[in-house]
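The structure appears below as structure tokens.
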Amino acid sequence: MKFESICVLGLGYIGLPTASTFAARGMRVTGVDVNMEVVRSLQNGQAHIHEPGLRELVQQAVGSGRLVVQDKPAEADAFIIAVPTPFHEDKSADLSAVVAAAESIVPVLRRGNLVVLESTSPPRTTLDVVVPILERSGLKAGQDFHLTYSPERVLPGQIIRELSQNARVVGGVDRASAEAARDLYGTFVTGEIVLTDATTAEMVKLMENTYRDINIAIANEFSRLAERFGVDIWEAIDIANRHPRVKILNPGPGVGGHCISVDPWFLVKAAPDITPLIETARRVNDDQPLFVVDRIRAMMDGDLRGRRIAVLGLAFKPDVDDLRESPAVKIVELLVQAGAQVSVFEPMDDDFTLPGVRTAKTLAVAVADCELVLLLVGHAPFRKLLPGELATITTSRLIFDAVNALEPQPWAHAGFDLHRLGASRI
Ligand code: SAJ
């Protein structure tokens, strides 16, 4: 099947790079977002998301006239739904944006079109939620139009490269739908394109992120055991990983972002009676910030009231500016609740505000009068930090490293009392 025009609904972390990439391949693209601020800034060629390489891609796409941004869908050969699927208070999937996007396509849907859902969704969403909405057009899915579920699987920080290089799953409501989606993504995907049915594709996406969540949970539990038994978890993992069939991930302050900390709940909520392991792993990772705060409290003689703590890093993982579901934010909130005076330096975003927290624009300002430096994210500049450099901007010599970013020896030699997650000294 040949595609000349495409309409992408949702211009966030996935929709915007996808729309811009199609435009770069010569396609006529309508980018749709319900947020007028996003629409206006994109109309001026300004990307509202920080992702390496995205700014240039968006500028080119908008500048060439091949990407037109507006707040309503337009007729096209193919539609891609790439809106967020967060969770409700009870952790069940909030599909309201998917529903609204599908509804907005109904008036412009034509015979022979392809519709692709990319948003991470609970099993059977394509069949049970999207099909009935699109069929309000009077057209039948699989007969009059093609419908496919094709999850995004790109890693924040590497989105542009992974978008084309990763293997792509296309799960059709029938074979012809999967083949149509293969032809669409084949215009820029160099990785393998695997055809399957819609529900399998939905499961694949959720299984991948759940697999990673569970593996991080066990690494976090291992770090707790290591602290109890006087073992250095980083050394232990390094040795265990020399086994040919073992690959333990890294413990840390918890699991954040809008994917891995959310998606496993879609499986648990869809089938709570058969998912105890997935639910427990989620809880283990959600509790990890409490363990970090307990360590900090112990380092500060059991009482955090009035204690001055400089936090380095707030993003959910290294070298991104995304604070969504970040365990570092949770840790800062817990410290503030416990009465600590917290100043935070986030090199990727110096504009955030958190209640009761001092936003420091530079490292020097953050640590100037602190008693303890708390490193929560392994951003590149923190990994490169030298003891001599920190020693000149603070009188504090007490550090807690939650991400194993600092080499113990040089810091100890420089007179710092460096504590690390997963490595207590008993
Ligand atoms: N983390 C650890 N220890 C580790 C690895 C990660 O604590 O060893 C933490 C990170 O610090 C972060 C969280 O887990 O807080 C998630 O980070 P991540 O880099 O593992 O994953 P995301 O959320 O950035 O992206 C994931 C990816 N999924 C998989 O690797 C299976 C990506 O391919 C997906 O496209 C993305 O979720 C998504 O959108 O679903």
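The values are calculated or read from the model by the stated rules, or taken from the named source; none is laboratory data. Everything numeric in this text was worked out from a predicted model, so none of it was measured. In this analysis, Cβ positions are derived from the backbone assuming ideal geometry, glycine residues included, and neighbour counts consider all displayed protein chains. For accessibility, only protein heavy atoms count, side chains too; no ligands or nucleic acids. Shrake-Rupley method; radii C 1.70, N 1.55, O 1.52, S 1.80 Å.
Residues in region 131-173 that are among the β-branched types (Val, Ile, Thr) and closer than 23 Å to Thr21 by Cβ: Thr148, Val154, Ile159, Ile160, Val169, Val170.
Scanning region 332-353 for residues that are more than 19 Å from Asp301 (Cβ to Cβ) and either touching a residue at least 12 places away in the same chain (Cβ under 8 Å) or small (Gly, Ala, Ser) (or both) yields Val332, Glu333, Ser343, Val344, Phe345, Glu346, Pro347, Met348, Asp349, Phe352. Arg182 meets all of the listed conditions (1) buried (at least 18 other Cβ atoms within 10 Å of the Cβ); (2) within 16 Å of the ligand (Cβ to nearest atom); (3) free of Cβ contacts under 8 Å to residues at least 60 places away in the same chain but one, namely (2). Annotation for region 263-283: no member residue is in the same structural domain as Asp401 (by TED's automatic domain parsing), among the β-branched types (Val, Ile, Thr) and in contact with a strand residue (DSSP E or B) (Cβ under 6 Å, 6 or more places away or on another chain). Among the residues of region 378-426, those identified as of a type in the set (Phe, Trp, Tyr) and within 19 Å of Glu346 (Cα to Cα) are Phe382, Phe400. Being within 16 Å of the ligand (Cβ to nearest atom) and modelled with pLDDT of 95 or more is a description that applies to Asp286. Residues that are open to solvent by less than 40 Å² (accessible area, probe 1.4 Å) and within 7 Å of the ligand (Cβ to nearest atom) were ranked within region 207-219; the one that is nearest to Val262 (Cα to Cα) is Asn209. For the condition among the aliphatic types (A, V, I, L, M), within 14 Å of the ligand (Cβ to nearest atom), in contact with a helix residue (DSSP H, G or I) (Cβ under 9 Å, 6 or more places away or on another chain) and outside any loop (DSSP other than H, G, I, E, B), Leu147 does not qualify. With respect to Asp351, is the statement that it is within 16 Å of the ligand (Cβ to nearest atom) and within 25 Å of Pro84 (Cα to Cα) true? No, not satisfied. Scanning region 154-175 for residues that are of a type in the set (A, V, I, L, M), assigned to a loop (DSSP other than H, G, I, E, B) and within 12 Å of the ligand (Cβ to nearest atom) gives Val154, Leu155, Ala167. Right, Val329: out of contact with any strand residue (DSSP E or B) (no Cβ under 8 Å at 6 or more places or on another chain) and surrounded by 21 or more Cβ atoms within 10 Å (Cβ to Cβ) or not? So Val329 passes the test.
Inspection of region 151-162 identifies no residue that is surrounded by 20 or more Cβ atoms within 10 Å (Cβ to Cβ) and over 19 Å from the mean Cα position of the chain (by Cα).
Among residues of region 305-325 that are at positive phi, those with a beta-carbon under 6 Å from a residue that is assigned to a loop (DSSP other than H, G, I, E, B) and small (Gly, Ala, Ser) at least six positions away or on a different chain give the pairs Asp319/Gly157; Glu325/Gly256; Glu325/Gly257; Glu325/Ser261. Listed conditions (1) of a type in the set (Asp, Glu); (2) more than 26 Å from Gly53 (Cβ to Cβ); (3) free of Cβ contacts under 8 Å to residues at least 60 places away in the same chain are all met by Glu371, apart from (3).
I'd like to check something: does region 387-399 contain any residue that is open to solvent by less than 60 Å² (accessible area, probe 1.4 Å) and free of Cβ contacts under 8 Å to residues at least 24 places away in the same chain? Scanning region 387-399, I find no residue that is open to solvent by less than 60 Å² (accessible area, probe 1.4 Å) and free of Cβ contacts under 8 Å to residues at least 24 places away in the same chain, so the answer is no. Does region 298-311 include one or more residues that are buried (at least 20 other Cβ atoms within 10 Å of the Cβ) and within 13 Å of the ligand (Cβ to nearest atom)? For region 298-311, residues buried (at least 20 other Cβ atoms within 10 Å of the Cβ) and within 13 Å of the ligand (Cβ to nearest atom): absent.
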